[in-house]
Amino acid sequence: MTSRHIFVDGVFRQNAVYRQILGICSTLAVTNLLSNTLVMSLGLVFVTAMSSLTVSLLRTVTPSRIRMMVQVMIIATYVIVIDLVLQAFLPEISRRLGPYVGLIITNCIIMGRAEAFAAKNPPWPSFLDGVAMGLGYTVVLMSIAVVRELMGFGSLFGITVLPPWFTRWTILTMAPGAFFMVGIVIWVMNTLDPPGRAGQAR
Amino acid sequence: MQYLLLFISTVLVNNFVLSYFLGICPFIGVSDRISSAIGLGLATTFVMTMTAAVSWFINHKILIAFNVPFLQYVSFILVIASLVQLVEMFVRKTSPPLYRALGIFLPLITTNCAILGLALLSALRDYGFLQSVVFGIGAGVGFTMALVIMAGIREQLELADVPVNLRGAGITLITASLLALSFMGFQGLIKG
């Protein structure tokens, strides 16, 4: 498997959000503002990549019976790093994201990749796989956030771009809009790129 | 009175699934049969209540007392994992029928972000002990309710003619959207 394969697979073919329906909680929760989404996605890319790398480096010395525990601890460590960095440098965004930063730990994407890929492969491909999975998540989240912020608040990254006569679709910034947008994204992506027999996770 | 308000607001107004987006994975995965939805809901409610109580003690008596609050994530996730294990052993010894009913759902609960979210939220909001416990019960009841309603809708949905590419997760999310919309009607019920 070449690096290019790993990337295409991670970002599109096995995209965590719309193909495997993983990590939906945070997808729904943080996509109302682009700035929140960007920070959250970068955090996730970092955690997925670094924890995949670490799990892979330790894969020969980890007893298989307690490997879940070890993986959770590794992930939690990186999440603590992200959380402290955010609190120190971006306190405003850290406050807005609230508990969702900590919830990166239970984001099934990371555990899933650690278990399915990193525990069986050498460090470098695992790292790439983590980055690719994280990027796939980022792409989907950013596209949802663009629609939600543009239509809901009339702005992008907090800068107003739509003229005042455009009636804001406020519902999109609230909970129902989040569910609706993710549902639509899954529909559109399944239509553009129909999943094979093995593709559909659930 | 204050506790009653907190309970109602957690169940209806700030429902964990429909307005905080916590616990979506089981919400989508397990909500296709009412019976399994009830089983998972009850098990989750139980673990949530226990987690709320235990994590309050850990947070206030150990982490804050020793000034290491950044260890919250690690310690909460450990608490949850061991609680789930404990519940599993306890139920297996005391009530085998219940164990058979809940069996497969128990390990799933560890990775349910609603539980960690509950522990983190009640730490973030600085709830007292009783408040935390009420919050935990409310969150569990709200989760169960959302799951059961969803399962009921999905059993009907099987008879409907859904576009092929929308089947499964897609239609479930759009149904959830409508459900969240109707739950927004409860918003005026409690101020703040």
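With respect to A:I66, is the statement that it is under 21 Å from B:I24 (Cβ atoms), more than 10 Å from chain B (Cβ to nearest Cβ), part of a helix (DSSP H, G or I) and among the β-branched types (V, I, T) true? Please lay out each step first, then the result.
Values: under 21 Å from B:I24 (Cβ atoms): no; more than 10 Å from chain B (Cβ to nearest Cβ): yes; part of a helix (DSSP H, G or I): yes; among the β-branched types (V, I, T): yes.
Taking the combined requirement at face value, the residue does not satisfy it.
Looking at A:D83, A:D193 in this structure, which one is of a type in the set (D, E, K, R), within 14 Å of chain B (Cβ to nearest Cβ) and more than 26 Å from A:V70 (Cα to Cα)? Outline the logic, then answer.
Numbers: A:D83 fails: more than 26 Å from A:V70 (Cα to Cα).
None of the others qualify; the one that does is A:D193.
Suppose we keep only residues that are open to solvent by 50 Å² or more (accessible area, probe 1.4 Å) and of a type in the set (D, E, K, R) within the stretch A:73-114. Which one would you say is farthest from A:S35 (Cα to Cα)?
A:R95
Okay, residues lined up against (1) of a type outside the set (F, W, Y); (2) open to solvent by 20 Å² or more (accessible area, probe 1.4 Å):
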| residue | (1), (2) |
| --- | --- |
| B:F129 | no, yes |
| B:G136 | yes, no |
| B:F143 | no, no |
| B:D161 | yes, yes |
| B:L166 | yes, no |
| B:A180 | yes, no |
| B:G188 | yes, yes |
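Does B:G170 satisfy the criteria of being within 14 Å of another protein chain (Cβ to nearest Cβ) and either open to solvent by less than 60 Å² (accessible area, probe 1.4 Å) or within 25 Å of A:F179 (Cα to Cα) (or both)?
It is true that B:G170 is within 14 Å of another protein chain (Cβ to nearest Cβ) and either open to solvent by less than 60 Å² (accessible area, probe 1.4 Å) or within 25 Å of A:F179 (Cα to Cα) (or both).
A:F166 is checked against (1) facing chain B (nearest Cβ under 8 Å); (2) surrounded by fewer than 16 Cβ atoms within 10 Å (Cβ to Cβ) and fails just one. What number does that condition carry?
(1)
Residue under question is B:F16, and the condition is that it be outside any helix (DSSP H, G or I), of a type outside the set (V, I, T), out of contact with any Lys or Arg (no Cβ under 7 Å at 6 or more places or on another chain) and in contact (Cβ under 8 Å) with a residue 24 or more places away in the chain; does it hold?
Details: outside any helix (DSSP H, G or I): yes; of a type outside the set (V, I, T): yes; out of contact with any Lys or Arg (no Cβ under 7 Å at 6 or more places or on another chain): yes; in contact (Cβ under 8 Å) with a residue 24 or more places away in the chain: yes.
Considered against the rule, which asks whether it is outside any helix (DSSP H, G or I), of a type outside the set (V, I, T), out of contact with any Lys or Arg (no Cβ under 7 Å at 6 or more places or on another chain) and in contact (Cβ under 8 Å) with a residue 24 or more places away in the chain, B:F16 comes out as yes.
Quick check on this structure: which one of A:L135, A:L141, A:L150, A:L128 is more than 9 Å from chain B (Cβ to nearest Cβ), open to solvent by less than 70 Å² (accessible area, probe 1.4 Å), touching a strand residue (DSSP E or B) at 6+ places or on another chain (Cβ under 7 Å) and closer than 24 Å to A:F12 by Cβ?
Values: A:L135 fails: touching a strand residue (DSSP E or B) at 6+ places or on another chain (Cβ under 7 Å); A:L141 fails: touching a strand residue (DSSP E or B) at 6+ places or on another chain (Cβ under 7 Å); A:L128 fails: touching a strand residue (DSSP E or B) at 6+ places or on another chain (Cβ under 7 Å).
Criteria check complete, one pass: A:L150.
If you go through the stretch A:46-70 one residue at a time, how many are more than 14 Å from A:L103 (Cα to Cα) and either β-branched (V, I, T) or under 18 Å from the mean Cα position of the chain (by Cα) (or both)? Talk me through it step by step, then tell me what you get.
Step one: of the stretch A:46-70, the residues more than 14 Å from A:L103 (Cα to Cα) are A:46, A:49-70.
Then keep just the ones that are either β-branched (V, I, T) or under 18 Å from the mean Cα position of the chain (by Cα) (or both); that gives A:46, A:49-55, A:60-62, A:66, A:70.
Within the stretch A:46-70, residues that are more than 14 Å from A:L103 (Cα to Cα) and either β-branched (V, I, T) or under 18 Å from the mean Cα position of the chain (by Cα) (or both) number 13.
Tell me, please, whether a residue that is touching a residue at least 24 places away in the same chain (Cβ under 8 Å), at the interface with chain A (Cβ under 8 Å from one of its Cβ atoms) and in contact with a helix residue (DSSP H, G or I) (Cβ under 9 Å, 6 or more places away or on another chain) can be found in the stretch B:151-159.
No, the stretch B:151-159 contains no residue that is touching a residue at least 24 places away in the same chain (Cβ under 8 Å), at the interface with chain A (Cβ under 8 Å from one of its Cβ atoms) and in contact with a helix residue (DSSP H, G or I) (Cβ under 9 Å, 6 or more places away or on another chain).
Given the criterion within 14 Å of chain B (Cβ to nearest Cβ) and among the hydroxyl-bearing types (S, T, Y), identify the matching residue among A:T60, A:T54, A:T37, A:T48.
Numbers: A:T60 fails: within 14 Å of chain B (Cβ to nearest Cβ); A:T54 fails: within 14 Å of chain B (Cβ to nearest Cβ); A:T48 fails: within 14 Å of chain B (Cβ to nearest Cβ).
None of the others qualify; the one that does is A:T37.
Just name the residue that is farthest from the chain's Cα centre (by Cα) out of those in the stretch B:3-29 that are within 10 Å of chain A (Cβ to nearest Cβ) and hydroxyl-bearing (S, T, Y).
B:S19
Among (1) open to solvent by 30 Å² or more (accessible area, probe 1.4 Å); (2) of a type in the set (A, V, I, L, M, F, W, C); (3) assigned to a helix (DSSP H, G or I), there is one condition B:F76 misses while meeting the rest; what is its number?
Unmet condition: (1).
The values are calculated or read from the model by the stated rules, or taken from the named source; none is laboratory data. Everything numeric here is computed off the predicted structure, so don't read it as measured data. Cβ atoms come from the backbone with ideal geometry, glycine included; neighbour counts cover every protein chain shown. The area values use the complete protein model at the heavy-atom level, side chains included, leaving out ligands, DNA and RNA. Shrake-Rupley method; radii C 1.70, N 1.55, O 1.52, S 1.80 Å.
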